[in-house]
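Written below as structure tokens is the structure these notes are about.
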Amino acid sequence: MNRKQFLSKLGSSLKSLPANERQDILQDFEEHFAIGLQEGKTEEQISASLGSPHQIAKDMVAAYHLERAESKATLGNMLRAVWATIGLGFFNLAIVLGPFIALAGIILSGWITGIAFIASPFLFLMNAVLYPETFGLFYLFVSIAACGTGLFIAIGMYFATRTLMQGFIRYLRWNVNLIKGGLKNG
């Protein structure tokens, strides 16, 4: 495949990236071709040595989304990074998606538990308004203690969520590097 075909396929495979990122990547590959031509190689030899433009694009998209998730760990960035990493290979469907679903379940259940405990005094008071005969000071104090416990759980979940997201991003980075190393050696 010649330079124009290679860059065209690479550009179309990078369409999910912002235009400035796509242009930078294409310009880097233009330079690869220019250097190769100066060394006396043909365009076909250069494109063959670079590899598949589709696989290069997958690697670049995964790297871009991982960097975005590392710099700003939002749910959207995290989901895009997971999806891009899964796109590197079918094997990643189980290797990435399984742990992600498990971590998401742990984080979600922790937050739900904390919020439920925090809401317990409000729920107790609402129950006392609707059914005044069920009111008891013991239950009021238990619900207040549960609220305090819920605040501790919520604070712990805040730090646990940050730590687990950072750890999972490192796991994704390791996975991408493993795939890239496997592709280079294979």
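The values are calculated or read from the model by the stated rules, or taken from the named source; none is laboratory data. Since the structure is predicted, the reported quantities are computational estimates derived from the model, not experimental observations. Cβ atoms come from the backbone with ideal geometry, glycine included; neighbour counts cover every protein chain shown. When the accessible area is computed, the model is the full protein with side chains, heavy atoms only, and any ligands, DNA or RNA have been set aside. Shrake-Rupley method; radii C 1.70, N 1.55, O 1.52, S 1.80 Å.
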Within region 79-112, residues out of contact with any His (no Cβ under 9 Å at 6 or more places or on another chain), part of a helix (DSSP H, G or I) and touching a residue at least 12 places away in the same chain (Cβ under 8 Å) come out as ASN92, ILE95, VAL96, LEU97, PRO99, PHE100, LEU103, ILE106, ILE107, GLY110, TRP111
All but one of (1) under 15 Å from the mean Cα position of the chain (by Cα); (2) within 23 Å of GLY11 (Cα to Cα) hold for LEU50; which doesn't?
(1)
Out of PHE159, PHE122, PHE138, PHE152, report the one residue that is modelled with pLDDT of 90 or more, of a type outside the set (Gly, Ala, Ser), open to solvent by 100 Å² or more (accessible area, probe 1.4 Å) and within 30 Å of ALA84 (Cβ to Cβ).
PHE159
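Would you call GLN55 in the same structural domain as PHE29 (by the TED database), open to solvent by 20 Å² or more (accessible area, probe 1.4 Å), polar (S, T, N, Q) and within 22 Å of the chain's Cα centre (by Cα)?
Answer is yes for this residue.
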